[in-house]
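K.L.:
Have a look at this one before I ask anything.
The values are calculated or read from the model by the stated rules, or taken from the named source; none is laboratory data. Bear in mind the structure is a predicted one, so any value in this text is a computation, not a measurement. Glycine gets a Cβ as well: all are built from the backbone with ideal geometry, and neighbour counts include every protein chain shown.
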Amino acid sequence: MIPSSFIEEVQAKTDIVELISSYIPLKRTGRNFKALCPFHNEKTPSFHVSPQKQIFHCFGCGEGGGPVQFLMLYEKVTFPEAIEILAKKLGLEIPYQRTSPEAKFKPLLYDVVYEASIFFHKNLFEHPQGQFACEYLIKRGVDKEIIKQFRIGYALGRNSLMEYMRKKGFSLETLEKASLVVSKQEGGYVDLFRRRIVFPIFDVRSRVIGFGARTLEEKEGIPKYLNSLENPLYSKREHLFGLNFSKDEIVKKDSVVVVEGYFDMIIPYVKGIKNIVASLGTSLTTEQIRVIKRYTNNVILVFDSDKAGELATLRAVDLLLENGLKVNVVEMPSGFDPDLAMREKGAEYFLECLKRGVTFFDYKVGVLKNIYDVKSIEGKTKIANEMFLTLNKMSSEVEKYEYIKKLASILEVKEEILTAELRKLKKINPNRQKLFLEKIKRTPIPIQEKTILKFMVTQKRGCEIIKKRLKEDDFTHPLVKKTVSFLFNYAGGDNERVPNNFLGLIEDKDIRGFISQLLIEEENFWDKNFLKECILKLQRNRARVIRESLRKEIEEAESKGDKKKLKELILRYKKIERKGRYG
């Protein structure tokens with residue numbers, strides 16, 4: 001965990017103009033800088049950077065924030081990763097707060113797995129045992145340049161890695177934490193990887209975090225692939241092999257090809273299909289899908305055509321749809337995987353396979369028709385129920401019901417019947433809140449509410465002053481109310497640092513974008529007297545709403561003959577009417 005004081009220091013020392021201009025060209029316009037927004041397509045610059053306030057805001061797409069948010073959006077990294085990148089640029093060492101015994105090992109583990117990757121890589125070229133592995137790779141289409149690019153290596157026999165690393169000064173405890181050695185039942189330790197080709201697994205910042213290793217000995221009882229065990233650096237659920245190489249092309253093409261194995265990723269990549277990753281030998285996980293969503297919403301699945309691959313594909317389809325991604329599935333011809341197809345039939349053939357990919361709907365229906373009799377009542381029912389489970393994960397009602405039409409035609413069942421059955425299972429649209437916020441962001445904000453909010457985010461003790469005079473419910477615009485609620489709860493009394501450090505800590509995109517817009521606007525459209533008028537108007541508006549509500553309660557109490565409650569309500573009504581405002 002990174003201390004908040006260090007986060008503030010990093011943001012305070014980072015020049016946002018220098019940072020952003022290292023990624024995109026900026027042009028000075030008055031006190032600020034402008035550019036074409038890197039986060040959406042536009043012809044007229046609407047992306048503004050303020051060197052005084054150390055913030056950016058795009059008036060086109062609404063993105064905004066400080067240096068950290070820019071890095072998170074541009075580099076597709078998490079908040080801690082963005083802080084680490086900025087700290088490295090500034091030459092600062094992060095003083096991690098140790099929240100667990102494992103955390104203290106993390107910086108050391110990066111060093112140890114990097115050193116191990118260099119050792120394995122050198123073995124491939126310099127050790128006699130590595131020559132056979134090198135020849136094997138070349139036969140599979142992996143030449144020396146590719147080997148160097150992916151830093152592929154070879155693990156020797158016995159405990160060669162452990163001996164080498166001990167000489168480098170690394171303890172057995174560290175080697176075990178990094179999943180490079182494992183303990184034996186009879187005592188002592190042994191190298192985890194022995195006599196295997198080793199593929200380093202990199203994170204998105206091209207740091208080694210673990211290894212996958214393939215045996216060259218096809219023997220019964222020996223697993224073909226062996227991966228690093230879970231450790232503080234590596235979790236196979238959270239990473240995708242090759243993403244560090246392909247992330248830019250994924251963004252450029254706005255799609256990603258997902259395959260299973262290391263060779264399935266490497267061979268197509270070096271042959272020109274650059275927007276490709278591998279799932280580290282598992283069915284796609286929710287964590288991996290969240291990583292994919294940083295770069296694209298369009299996924300092409302290319303898993304094996306056997307039963308295991310079929311099940312993995314169906315599970316992945318549901319997870320992808322549930323997370324709002326669009327999915328196509330490529331069925332490779334029997335006996336072929338992407339690696340073999342590329343080597344034996346060439347890149348053009350594999351590209352054609354990708355083009356012939358089918359929608360998730362056609363794929364799943366095809367699988368189900370091979371399992372159930374589409375002509376029988378029982379078969380129709382099972383296929384329909386299985387398809388409902390998948391269709392119900394989609395957020396678009398239009399797409400959902402278009403697929404119902406197709407399903408009705410395939411099953412020869414009336415569309416109305418399927419629609420009725422689907423509605424029984426229909427869940428709440430997970431994107432409903434998102435769609436609602438998009439609508440309200442386009443609703444004009446009352447000048448009084450905008451004035452008060454700008455006072456809150458630009459003036460010392462602004463939140464404290466407003467909090468004494470107004471409540472969240474005094475504001476009517478949903479986005480303003482949401483932002484005021486956040487500021488009341490988290491900004492505290494003294495929000496002098498909102499323009500710089502505080503803005504960088506806001507995770508909510510709507511709030512962050514709104515505040516960055518207010519901060520980057522040059523005009524100060526309020527003065528002391530106008531601010532008082534704005535506060536008074538909101539108080540009067542709220543009082544009117546309360547009076548109307550009390551009138552209804554008074555009428556209800558009269559109709560029920562509840563004299564005690566009636567007296568209490570009339571007193572409250574007169575008090576508000578006398579003040580002319582609420583609170």
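K.L.:
Would you mind telling me which numbered condition in (1) crowded, with 19+ Cβ neighbours inside 10 Å; (2) of a type outside the set (S, T, N, Q); (3) part of a helix (DSSP H, G or I) ILE146 fails?
P.N.:
With (1) crowded, with 19+ Cβ neighbours inside 10 Å; (2) of a type outside the set (S, T, N, Q); (3) part of a helix (DSSP H, G or I) applied to ILE146, the lone miss is (1).
Residues checked against (1) at pLDDT 90 or above; (2) outside any helix (DSSP H, G or I); (3) closer than 30 Å to PRO51 by Cβ; (4) within 23 Å of the chain's Cα centre (by Cα):
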{"position": "MET72", "(1), (2), (3), (4)": "no, no, yes, yes"}
{"position": "GLN97", "(1), (2), (3), (4)": "no, yes, no, no"}
{"position": "SER117", "(1), (2), (3), (4)": "yes, no, no, no"}
{"position": "PHE120", "(1), (2), (3), (4)": "yes, no, no, no"}
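K.L.:
Okay, moving on. Being modelled with pLDDT of 85 or more, loosely packed, with under 13 Cβ neighbours inside 10 Å and farther than 19 Å from ILE506 by Cβ narrows it down to one residue among LYS405, LYS471, LYS393; which is it?
P.N.:
Step by step, each of LYS405, LYS471, LYS393 is checked, and only LYS405 is modelled with pLDDT of 85 or more, loosely packed, with under 13 Cβ neighbours inside 10 Å and farther than 19 Å from ILE506 by Cβ.
K.L.:
For TYR490, indicate whether it is within 32 Å of the chain's Cα centre (by Cα), modelled with pLDDT under 80, among the hydroxyl-bearing types (Ser, Thr, Tyr) and part of a helix (DSSP H, G or I).
P.N.:
Here the answer is yes, as TYR490 does meet what is asked.
K.L.:
Wholly within the stretch 261-340, which helices (runs of 4 or more DSSP H) include no fewer than the required count, namely at least 3 residues that are at pLDDT 90 or above, more than 30 Å from ILE138 (Cα to Cα) and under 24 Å from the mean Cα position of the chain (by Cα)?
P.N.:
Counting at least 3 such residues, we get 286-293, 307-322.
K.L.:
With the condition kept exactly as written, say whether any residue in the stretch 371-384 is under 21 Å from ASN323 (Cβ atoms) and not in a loop (DSSP other than H, G, I, E, B).
P.N.:
no
K.L.:
Report, by residue number, each residue of the stretch 334-344 that is touching a residue at least 24 places away in the same chain (Cβ under 8 Å) and out of contact with any Ser or Thr (no Cβ under 8 Å at 6 or more places or on another chain).
P.N.:
ASP337, PRO338, ASP339, MET342, ARG343
K.L.:
Would it be correct to say that LEU354 is within 30 Å of the chain's Cα centre (by Cα), aliphatic (A, V, I, L, M) and loosely packed, with under 14 Cβ neighbours inside 10 Å?
P.N.:
No; evaluated as a whole, the condition is false for this residue.
K.L.:
Sticking with this one: Just need a number here: residues in the stretch 1-40 that are over 19 Å from GLU75 (Cβ atoms), within 25 Å of the chain's Cα centre (by Cα) and not acidic (Asp, Glu).
P.N.:
4
K.L.:
Now for a separate question. What residue, of LYS537, LYS560, LYS532, LYS552, is basic (Lys, Arg), out of contact with any Cys (no Cβ under 9 Å at 6 or more places or on another chain) and modelled with pLDDT under 80?
P.N.:
LYS560
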